[in-house]
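Chemist: To start, I am sharing the structure in question, which I have written as structure tokens.
The values are calculated or read from the model by the stated rules, or taken from the named source; none is laboratory data. Treat the numbers as computed from the prediction; the structure is a model and nothing was measured. Neighbour counts are summed over all protein chains in view; Cβ atoms, including those assigned to glycine, are modelled from backbone coordinates with ideal geometry.
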Amino acid sequence: MKNNRKGILYACITALFWGFLAILLKIAVKRVDSITIVWFRFLFAFILLLTWELFRNPKEIKILIHPPKILVFAATALTLNYLGYMFGIRFTTPSNGQIFAQAGPLLFTAGGIILFKERLNKGQIVGFAFALAGFTIFYSQQLKIVHLDNYNLGVVSVLTGAFVWAVYALLQKKLVKSHSSNSLNLFLYAFPAVVLLPFIDVSPFAGFNIWWWLLLMLLGLNTLVAYGCLAQAIRYTETNKISIILLLNPIITFVLMGILTVLDVAWIEGEHFTTLTIVGALIVLSGAGMVIYNNKQKTKVRLKE
């Protein structure tokens, strides 16, 4: 298989895993608090990756002892991203979380323009305007039909998570030039697993049956597989193509939540959409797609072997 096809395949896997992630998180938060869910996801992913590296390439583990300062900042940003998104899903809905999370790639692009002097063209300007209009339409409609006490807090949490994700992505863009993806991920998973330890509450675990444990392990596996495939996608193909493919993940969430709403399942609350809600969401995704597609920075980022 050619490298470009490999990259597209890895990006599709990431989009799929992120597509159903929000739904799983919404179910999990019924029994486990947000911080503990984030901690467990990172801990589970770290244990699996550490075990793999101990047999495959033990030298990668050295980064846990002497991490670059910029990696510590990146890990902090990623931890805050997970927390912001988790609290956002708790207080809003999976589809709401996915739409407002699209601010992350937009902010990442804006950061590249500001920090790396990347060129801003007319297509990107139109895309930013489309995305802003879409966010406004979507938010105004959801305010009318979603009756949640902390809805605004949830939106702010997701947007905050999107902002720190953009910070993480900009730092990661520098780090991948001098470090392998697995070594970076080892520290990125280990850092929050340690930092969040004093704030977790594992008491609900005592009453879990096999299905709840499988749900938590699936969340941890999602972290490992999604970010691992994303790193491989960056290795094999252009970041622009990856970003376009990742726009599929909110669409996957919308479709799945639509199906679950029609089925009226008892284990997750259905979504509430109007025609304008859907229009607003499509405008957001279209605007984000225009920003990414019109990015003239076509350089391929490769991870160190």
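Chemist: If you check Ile268, Ile259, which single one turns out to be surrounded by 16 or more Cβ atoms within 10 Å (Cβ to Cβ) and either of a type in the set (A, V, I, L, M, F, W, C) or touching a residue at least 60 places away in the same chain (Cβ under 8 Å) (or both)?
Modeler: From the options Ile268, Ile259, the qualifying one is Ile268.
Chemist: Looking at (1) small (Gly, Ala, Ser); (2) modelled with pLDDT of 95 or more; (3) under 15 Å from the mean Cα position of the chain (by Cα), can you tell me which one Ala15 breaks?
Modeler: Going through the list (1) small (Gly, Ala, Ser); (2) modelled with pLDDT of 95 or more; (3) under 15 Å from the mean Cα position of the chain (by Cα), Ala15 breaks only (2).
Chemist: For Thr109, are the conditions met, namely being in contact with a Ser or Thr (Cβ under 9 Å, 6 or more places away or on another chain), at pLDDT below 90, buried (at least 20 other Cβ atoms within 10 Å of the Cβ) and not basic (Lys, Arg)?
Modeler: yes
Chemist: Looking at Thr253, Thr237, Thr223, which is the one that is polar (S, T, N, Q) and farther than 28 Å from Phe40 by Cβ?
Modeler: Thr237
Chemist: In this structure, does Ala169 turn out to be more than 30 Å from Ile47 (Cα to Cα), surrounded by 20 or more Cβ atoms within 10 Å (Cβ to Cβ) and of a type in the set (A, V, I, L, M)?
Modeler: In short, no.
Chemist: Residues to consider are Val194, Val301; find the one that is at pLDDT 90 or above, closer than 30 Å to Ala75 by Cβ and out of contact with any strand residue (DSSP E or B) (no Cβ under 7 Å at 6 or more places or on another chain).
Modeler: Val194
Chemist: Do you know which residues across region 62-88 are within 30 Å of Asn150 (Cβ to Cβ) and either over 12 Å from the mean Cα position of the chain (by Cα) or small (Gly, Ala, Ser) (or both)?
Modeler: Across region 62-88, the qualifying residues are Phe73, Ala74, Ala75, Thr76, Ala77, Gly84, Phe87, Gly88.
Chemist: Please work out which residue is farthest from Pro250 (Cα to Cα), limiting yourself to region 1-32 and to residues that are hydrophobic (A, V, I, L, M, F, W, C) and not in a helix (DSSP H, G or I).
Modeler: So the residue we want is Met1.
Chemist: Looking at region 46-65, which of its residues are of a type outside the set (D, E, K, R) and either under 14 Å from Ser181 (Cβ atoms) or surrounded by 11 or more Cβ atoms within 10 Å (Cβ to Cβ) (or both)?
Modeler: Phe46, Ile47, Leu48, Leu49, Leu50, Trp52, Leu54, Asn57, Ile61, Ile63, Leu64 - these are the residues of region 46-65 that are of a type outside the set (D, E, K, R) and either under 14 Å from Ser181 (Cβ atoms) or surrounded by 11 or more Cβ atoms within 10 Å (Cβ to Cβ) (or both).
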